[in-house]
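The structure under discussion appears below in the form of structure tokens.
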Amino acid sequence: MALPGLSLPGLGLASTPAPAYGGPTQPPTEQVARREELPAQAEWRFEAAFTQQYTVRVLHGHAELFGVELATNQPYNLSGSKGAIFTWQGCQLEITGEAESEYAAQETEYAIEWLNLHGMLETARDDRPTDGPRVLVVGPDHVGKSSLTRALAARAVKAGRTPTVISLDPREGLLGPPSSLTTVTVGSQMDVENGFGISPISGPTVTPVKTPLIYHYPYTSPAERPAVYKALLTRIALSTMNKLEEEPAAKQSGMIIDAPGSLNDPKNGYETIHHLISEFSVNLIISIGSERLYNDLNRRYGANTGSDGAITVLKLSKPGGAIERDAGYMKQLRTRQIRQYFFGSSKESLSPHSHMIGFDDMIIYRAKPASGEVEKYGADDDDYDPSSSSPVVSTNATFEKITPSAAMTGSLIVIKFCPSSSEDYAVRDSAVMGYLYVADVDEARKKVRFLAPHPQRWGDRALVWAQWPEAVADLVT
Amino acid sequence: MSASLPSDEVAADFRDSLQDLQINNRYEISNLTIIAKENAEHAPALSRVLQHHIKTTAPSRKLPALYVLDSIVKNVGSPYTLYLGQNLYQIFMDAYVLVDPTTRKSMEAMLKTWKEPVPGSMDPAPVFKPDFTKPIENALIRARTAAIQQQQSARAQNPPIPLPPRPSSATYRDSPTQQHGISRYAQPPVPQRHAPQYGYPNQMPTPQQPSAQQYEQSMHTLSPSVREPQPIPHAAYDINRLNDDIARLIEVVKLQFASNVFDSSLQMKLQALLDLQNILRSQQLPQEALGQIKVQIDQLSASLPQAPPSVTLLPTTPQSDPRPSAQLRWQPPTPSYQPPQPYPAPPQSVPSYQPPPSVQTPPSQPVFPSDMLARLLASTSNGPNPNTPTLRAATPALQGLQALNGFAPPQHAATPPASTPAPASHDLFAALRASGMLPPAPPASAQPAQVPQPPRPLLLPPELQSLLMGQPAKVGTPPITAAQLAFAAPQINVPLTAASLKTPRPELVSGLYDSQPNQCTSCGRRFLATEEGRKRKARHLDWHFRISTSADAHNLGQSRLWYQDDREWIYYTDVDESAEPPSDDTIAAAKQAKKGPKDQYIPIPADATPATSACPICQEKFENKWHELAQEWVWMDAIKVGGRVYHASCHEEVLNAHREESRRSMTPESALGKRKAEVSCSPLHTGVCVVRREDADADLMSRRTYLTRETS
């Protein structure tokens, strides 16, 4: 498999890198196309490895992948993804390539639920044009939360809406590498192959770009530093609400919040869910795949609680096609996201740029690893207010200044918009301008070689070295 | 300064400047005043121009124009007070009946100042002599009294007109709705009753003073001595006016048609109007028929958005209202407008006007056979009864049309049709209907241009339904009730309950596909099957083409942009470049970007040689540059003129020098040219080109600028 962008001239990069992940590259054998007839309301489930070519083409009929319709007779490269191509009226697919698993499934009741959910949101948008639905999708991992979010967004876009999607899982980025917390108002068509498409680049894109606002949470799970996570939630909610006020159409379309599965934890997660609901003024909670979570939420927010009754809690069953994405797959996915951030995809290949910077010319913070104090720090911090937290006690600080070291090699460095000498909380709450990849640290000459997505320098910004996501050793050599 | 200039020229310049006056702009008004002052010797001509302008300009611009008058008489005084004072009644009242209540208040305030001395002046004489202002005051008082009486009588026999009774105050303002109703709709249904009484042989409202006449009719005690100073010969006037009105209407429809060439209903409407015009020009029609036609035309023109108010009965230049708000347009002001019934006409029920069912099918050719109309009119001209059956038959439909345009129709024809309309009337009615002037019967509730509804889901038994949905008919499947199927695809209504989650809703599925049948083959995106949908798809395909042609050439150089920060993101809107038209701002920005000669470029010619790659003026070579937006190598600051390439800046320099020279040798420009230029440079004009950074096409460029700013 050709890896885009790795043989670019002028970058001092090796021209024949080994693939970064997933075992040996298979020789490009001539694949035989095969046809699959799907009856109405059936779906084609597949798990394609990253290293395998896997192409699907609709020969006739209508088919969709998580709400995004596939064009007839267009090949879609679904390598490295796990999903289900669903058809309402039946269709014929032509499939090329090998997948780890593929089969036609008939148990697709979830599709009706998802479509009805879309209908509910449309009804709400029509009924209350000035107060669109604000949906929170919660549930354990691997139950299809992100897929539902994507389907709801895609259908809303199809209906001419501009929904705002908020992705809060640091393990998987949206329009950015992992550890991004993203909010994006989807104003244009979604993409079959990679969902939300691509964030703005300097050239033309095959799918219209989506402009996200990215924040950075440098840990795997919200539970590691709940206070930091909540502060970021407050921040995202503030920006998103402001934006919706600016754009009535977006406000009417509402928002869809995709919460990480790790919030499904009464001990550590519920407080964060509560914070999330109040910060975003959520008025519809969708709980997938967890009876207990649904009951807990319904008890607290449901219509019969006697409160304003503004929040509806609905329960969806876990789709049969939702399968666990194991740690190895997730790691590969993250690697691919990082790679795509710098090098783009096969559709839009990008040229990253090298920057050599001396140790003295930058200030790098490190996100301190979560430790035992977390519990105390995060407890009863219900109404987090960033402005009141400015005198952060040093032991509670999120970040500490470090000297670049070889340990950084292969990691991501986050460029925050705030100046390099900002307060701890400012660094924490500041939005992300971009990511750098540490290609090389020369401790002797006190220089770091970065890979940057853009040729222009970033100026005097706070740089944060996050141990999360994990280092990718051979993005460049 | 311009003593030798002929009056015509000065007047023409003055008129042009007046036409630029759109809002109450102190600067422009004082400018116009100065012009009047400096050209006092042309006062008769300028007064005429000003008077004519006030008459003919759009209602929304009348007040600024009146303020010009006010400013001139107060700051310049004689001889303008003399010239303008003579026709002051007409000028004032004509405008007064047309403007909205707020403007009337301003006008009344202005009138009040005219009865007082000029502010700051030593002269104790009022601005205008009482001879001039008194008639206006009287008319306003009468109008007010009449309005109150009318309101009372109307309330006695009709549902109350939604107008608060006006408390008696210092202002003489009439109830605006009443006045509109009267002046626009109140064709006296039984004109014979009034006509002999006031010596008006026909029932057309006195053009100069329609409202005043109405008031007189309701107040029989009024003395005719306070009538308008210049009576008009009516018979000739009417047909000319009617012709004017039709011509104006044709202009308006033409304009609409020009901006919307695909609208076949406009085309038919235009055709019908042109035919009507021909008939009126070529044939002598009795007054009664003319009256009826006129009513229709008035109503129709009032129903057209850009239509100048027909009630002026004066040739009005079709000027589009500069203010976008619909409320500011001259229209009956209250949306909840009830048909005023100023006369104790027996309330007519609309059904009695319903056309015979035989006229339902419109003919394919919406033309008026002239002999047909002649026959029809001949059938009515033998009696004094003005209720031409044919036209009256068309009336309810026209009323329906008006109702669709936001206000209720007047029920003005007093009696139901005495006889079934002549066969010709079918044709006329059908022609009018086919032309789009009339909605299909029944008129009252029909929606114009209703969006074609997608086929409603069929009512099927549950087994069939589930079969359709691809599910085996399970016993447990909740039966699909008619109520659940009742949602047509566009009107989605899914209750927000857990129970409704599980219900299959085929209409939602068809909402995904069938409601947007027009699909892009390369990306699967769907578009509506409407004209707009087709346009969007065309733009979308263009976009695909642009992307596919430019992507290959540029694939190596592109890189990911930095993300936006919060503030910027909040105010940034992703424009769907793949289907949205470039906004006006973008075009403006593009034009502005083009302005600087340094920004002009041409693609590097394929046959560029060292000899041709230098500017013939300065002999320097062109700069090769990769242009990101154009996606090709270009010469910046270059322009191709007559086969040779120059530096755009050099070329402009030379051109300017040349212009300068020729200007000096030319005859001097018009006396007011310079000042006009100043007027047109008001903030109103320069403020047009606000460039928004968010624009689609300017997007890339601007974000690059942003980055430069951020990182520098």
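The values are calculated or read from the model by the stated rules, or taken from the named source; none is laboratory data. Just so it is clear, the model here is predicted, and its values are computed rather than measured. Ideal geometry is used to build each Cβ from the backbone, glycine not excepted, and the neighbour counts take in all protein chains shown.
Below are the figures for this structure:
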quantity	calculated
Test: A:PRO212 is in contact with a helix residue (DSSP H, G or I) (Cβ under 9 Å, 6 or more places away or on another chain), within 8 Å of another protein chain (Cβ to nearest Cβ) and surrounded by fewer than 24 Cβ atoms within 10 Å (Cβ to Cβ)	no
The one condition in (1) touching a helix residue (DSSP H, G or I) at 6+ places or on another chain (Cβ under 9 Å); (2) at positive phi that B:GLY77 fails to fulfil	(1)
Residues located in segment B:116-130, provided they are in contact (Cβ under 8 Å) with a residue 24 or more places away in the chain, closer than 16 Å to B:TYR89 by Cβ and not aromatic (Phe, Trp, Tyr)	B:VAL127, B:LYS129
Among residues of segment B:11-32, those that are among the hydroxyl-bearing types (Ser, Thr, Tyr) and within 10 Å of B:TYR67 (Cα to Cα), counted	1
Subset of segment A:442-451 [part of a loop (DSSP other than H, G, I, E, B), touching a helix residue (DSSP H, G or I) at 6+ places or on another chain (Cβ under 7 Å) and on the phi < 0 side of the Ramachandran plot]	A:GLU443
Enumeration of residues in segment A:249-279 that are within 11 Å of another protein chain (Cβ to nearest Cβ) and out of contact with any helix residue (DSSP H, G or I) (no Cβ under 9 Å at 6 or more places or on another chain)	A:ALA249
Scan of segment A:176-205 for residues that are of a type in the set (Gly, Ala, Ser), in contact with a helix residue (DSSP H, G or I) (Cβ under 6 Å, 6 or more places away or on another chain) and more than 8 Å from chain B (Cβ to nearest Cβ), ordered by number	A:GLY195
Filtered residues of segment B:102-119 (kept if touching an Asp or Glu at 6+ places or on another chain (Cβ under 9 Å) and farther than 14 Å from B:LEU69 by Cβ)	B:ARG104, B:LYS115, B:PRO117
Strands (runs of 3 or more DSSP E) lying entirely in segment A:76-115 (those with 1 or more residues that are more than 14 Å from chain B (Cβ to nearest Cβ) and hydroxyl-bearing (Ser, Thr, Tyr))	A:91-97, A:101-105
Enumerated helices (runs of 4 or more DSSP H) restricted to segment B:1-119, each holding at least 2 residues that are surrounded by fewer than 19 Cβ atoms within 10 Å (Cβ to Cβ) and over 30 Å from the mean Cα position of the chain (by Cα)	B:7-20, B:26-38, B:80-86, B:101-114
Some residue of segment A:47-57 being surrounded by fewer than 21 Cβ atoms within 10 Å (Cβ to Cβ), within 11 Å of another protein chain (Cβ to nearest Cβ) and at pLDDT 90 or above	no
Options B:GLU620, B:GLU652: the member that is surrounded by 15 or more Cβ atoms within 10 Å (Cβ to Cβ), over 29 Å from B:GLN558 (Cα atoms) and modelled with pLDDT of 65 or more	B:GLU652
Helices (runs of 4 or more DSSP H) contained in segment A:226-315 and holding at least 2 residues surrounded by fewer than 22 Cβ atoms within 10 Å (Cβ to Cβ) and without any contact (Cβ under 8 Å) to a residue 12 or more places away in the chain	A:226-246, A:291-301
Qualifying residue in segment A:137-150 (condition: among the charged types (D, E, K, R), crowded, with 24+ Cβ neighbours inside 10 Å and more than 22 Å from B:ASN518 (Cβ to Cβ))	yes
Hey, A:ARG150 more than 7 Å from chain B (Cβ to nearest Cβ), in a helix (DSSP H, G or I), in contact (Cβ under 8 Å) with a residue 24 or more places away in the chain and under 12 Å from the mean Cα position of the chain (by Cα) or not	yes
Selection count where residues are more than 17 Å from A:ALA466 (Cβ to Cβ) and of a type in the set (Ser, Thr, Tyr), scope segment A:323-371	6
Residue in segment A:83-101 that is crowded, with 16+ Cβ neighbours inside 10 Å, without any contact (Cβ under 8 Å) to a residue 40 or more places away in the chain and not hydrophobic (A, V, I, L, M, F, W, C) present	no
Selected residue (only one of A:ARG161, A:ARG125, A:ARG171, A:ARG134 is touching a residue at least 60 places away in the same chain (Cβ under 8 Å) and within 11 Å of chain B (Cβ to nearest Cβ))	A:ARG125
Residue in segment A:139-146 that is out of contact with any Gly (no Cβ under 7 Å at 6 or more places or on another chain) and within 14 Å of chain B (Cβ to nearest Cβ) present	no
Selection from segment A:452-471 of residues that are more than 14 Å from every other protein chain (Cβ to nearest Cβ), part of a loop (DSSP other than H, G, I, E, B) and of a type in the set (A, V, I, L, M)	A:ALA466, A:ALA471
Enumeration of residues in segment A:31-46 that are more than 14 Å from chain B (Cβ to nearest Cβ) and more than 30 Å from A:THR335 (Cα to Cα)	A:ARG34, A:ARG35, A:GLU36
Matching residues, segment A:38-81, being within 22 Å of the chain's Cα centre (by Cα), within 21 Å of B:GLN516 (Cα to Cα) and β-branched (Val, Ile, Thr)	A:VAL68
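Here is a yes/no grid of residues against (1) part of a helix (DSSP H, G or I); (2) at the interface with chain A (Cβ under 9 Å from one of its Cβ atoms); (3) within 23 Å of A:TRP114 (Cα to Cα); (4) among the small types (Gly, Ala, Ser):
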| site | (1), (2), (3), (4) |
| --- | --- |
| B:ASN493 | no, yes, yes, no |
| B:GLU507 | yes, yes, yes, no |
| B:GLY511 | yes, yes, yes, yes |
| B:GLN516 | no, yes, yes, no |
| B:THR521 | no, yes, no, no |
| B:LYS535 | yes, no, no, no |
| B:ARG539 | yes, no, no, no |
| B:PHE545 | yes, no, no, no |
